[in-house]
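Notes to accompany the following structure.
FYI, it's all coordinate maths here, none of it is from the lab. Everything numeric in this text was worked out from a predicted model, so none of it was measured. Ideal geometry is used to build each Cβ from the backbone, glycine not excepted, and the neighbour counts take in all protein chains shown.
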Amino acid sequence: MNAERVKRILGRIPLHLVVISMIIVWLVPTLGVFVTSFRTRQAVRESGWWTVFTKPPIPGQKEYNTACAPCHGENGRAVDTVDLSDPEVAAEYMKTNRLLPLLRQEVNGQPHVQDAEWQALIQDTSRTKEALDRLSPISQYLGTLSGGGQTAKYNLTLSNWLDALVGYKGTETYQEDCATGVSKSGKFKCDASDLLNPEGMARAFLNSVLVTVPSTILPILFAAFAAYAFAWMDFRGRMWLFSLLVGLQIVPLQMTLVPIAKLYSRLGLQSSFVGIWLFHTGFGLPYAIYLLRNFLGGLPRDLFESIYLDGANHWTAFWKLAVPLSVPAIASLAIFQFLWVWNDLLVAIILLPTNPVLTYQITNLIDPRGGNWHLLTAAAFLSMIVPMLVFLAFQRYFIRGLLAGAVKG
């Protein structure tokens, strides 16, 4: 290995480190959101998502090992006369108001609890409320020893996804609410029709698709016709109109929201899909025409001259020649427009408040007191999974789209 090759390899190390760092920065939060979406409410509150790769803690185990394990053993069977793993025995003391009087009694002339801190707390009658609070985890752990299934709270579950899809905001889960086939809260039918609940992410997902697909197809369709006209048709004022379109790209859409909302209110288009399609089409056209015109203008002129000489008109030249050759630019433009509309929040809130899309519905999952935030991970992943798939499947077109706008026309 010569010195030049070593120098070249060493020179690539900083670039590789930067690329690897970018991948880690992007993948780690995504992995965290994905893993957290399968964790229970209690697990999300008490530990980080990375703990899923280790043995999960059991509620009350630490307190039990300190106060009770020295005598009863870690499995609760060290004392022959009192088997804490027996469901009948555990049931007697799974309530702290029964457990505390027992612990205050002496056993063979000795304090029931050997740990000095716990002993002082239990025997002090002025601290009864504090003692009951401290004993609550131990009561829960007795249920675990007797097969009460407390560890199930830390198992992976699909409840977050299901709750987010149907828009369940209760203190339990949708499955628990509909365990008997009839909703305890009375808000659900406990069948597949719950997926169409206006407060759920499933309905919002459908709304996002209904908004994004037409808002992607329409500007591309109109822009393709306009781009061909600017590139291959001679008419007075062509360059002035094209320059105007380029300048329209700098107009912020925020300044038009109020006038457009007032206009839609008069025309009856407020809170309608047609209105938001027209809005995204109008603001997507300047960039779409600019990109496609530069791409079409960079195609060989001989191709169009030859097809014109063969008797083809502009309509034939457009469909038979321009469109097939422009597939890379059209595909990249479709990706840009799709991602922009899919991730839009501001326009959807103003023009489509009664049919919330994914980006808006996520905020509705949080109740006024800040609860149910454990559902945000599943909801966020539902919102980002489509853009991720689109990007991963068509990422090669992004570079082509960036270069298409720079082609000399």
Against the 2.2 N^0.38 Å scaling, with N counting residues, where does the stretch 156-195 land? I'd like the Cα-based Rg ratio to two decimal places. 1.02
Could you pull out every Cys in the chain that lacks a partner Cys with its beta carbon under 4.7 Å away? 68, 71
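Treating only the Cβ of Lys, Arg, Asp and Glu as charged (+1, +1, -1, -1), what charge dipole size does the chain show about its Cα centre? Round to the nearest 20 debye. Walk me through the intermediate numbers first.
On the way: 33 positive and 28 negative charges, 382 e Å.
Dipole of the chain, to the nearest 20 debye: 1840 debye.
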For residue 107, enumerate residues with amide H under 5 Å from its amide H, sequence gap 5+ or separate chain, H modeled in the peptide plane. 112
Specify the residue with the greatest mean-square fluctuation among 390, 89, 19, computed from a Gaussian network of the chain linking alpha-carbon atoms under 10 Å apart. 19
At 7 Å along Cα-to-Cβ for each site, give me the label-to-label distance between residue 391 and residue 132 in nm. 5.2
Would you be so kind as to identify which of 258, 278, 363 lies farthest towards the positive end of the dipole of the stretch 236-383, taking Lys and Arg as +1 and Asp and Glu as -1 on Cβ and the Cα centre as origin? 258
Would you please give the FRET efficiency between residue 185 and residue 116, computed as 1/(1 + (r/R0)^6) with r the Cβ-Cβ distance and R0 = 45 Å, to the nearest 0.05? 0.40
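Taking 2.2 N^0.38 Å as the expected size of a compact globular protein, what ratio does the Cα radius of gyration of the chain give against it, to two decimals? Display every interim value, and only then the final one.
Working: Rg = 32.4 Å, N = 409, 2.2 N^0.38 = 21.6 Å.
Dividing the Cα radius of gyration by 2.2 N^0.38 Å gives 1.50.
Once R0 is set to 56 Å, what does the formula 1/(1 + (r/R0)^6) return for the Cβ-Cβ distance between residue 33 and residue 108, expressed as a FRET efficiency to the nearest 0.05?
FRET efficiency, residue 33 to residue 108: 0.55.
Is it possible to state the helix-based mean residue ellipticity at 222 nm for the chain, with each DSSP H run of 4+ residues giving -39500 (n - 2.57), the sum divided by total residues, to the nearest 500 deg cm²/dmol? What is it? Show your work: numbers first, answer last.
On the way: 21 runs with 253 residues, N = 409.
One gets -19000 deg cm²/dmol as the mean residue ellipticity at 222 nm.
Please sort 177-185, 133-141 by packing, taking for each peptide the average over its residues of neighbouring beta carbons within 10 angstrom, highest first. Working shown, then result.
Working: 177-185: 14.1, 133-141: 19.7.
Output ranking for 177-185, 133-141: 133-141, 177-185.
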Given labels modelled 7 Å from the Cα in the Cβ direction, how far is it in nm from residue 249 to residue 262? 3.1
In the stretch 216-234, which residues have a backbone nitrogen under 18 Å from the label point lying 7 Å from residue 305's Cα in the Cα-to-Cβ direction? 231-234
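How big is Rg to Rh over the stretch 23-69, alpha-carbon atoms, Rh as the Kirkwood inverse-mean-distance radius? Present the calculation step by step, with values, prior to reporting the outcome.
Values: Rg = 14.3 Å, Rh = 12.4 Å.
Here Rg/Rh amounts to 1.15.
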Multiply the residue separation of residue 53 and residue 77 by 0.36 nm, subtract the distance between their alpha-carbon atoms, and state the gained length in nm to one decimal. 5.6 nm
One finds, for residue 325 and residue 236 with R0 = 35 angstrom and r their Cβ-Cβ distance, a FRET efficiency to the nearest 0.05 of 0.80
Show me 323-333, 299-309 ranked by packing, highest mean number of other Cβ atoms within 10 Å first. 323-333, 299-309
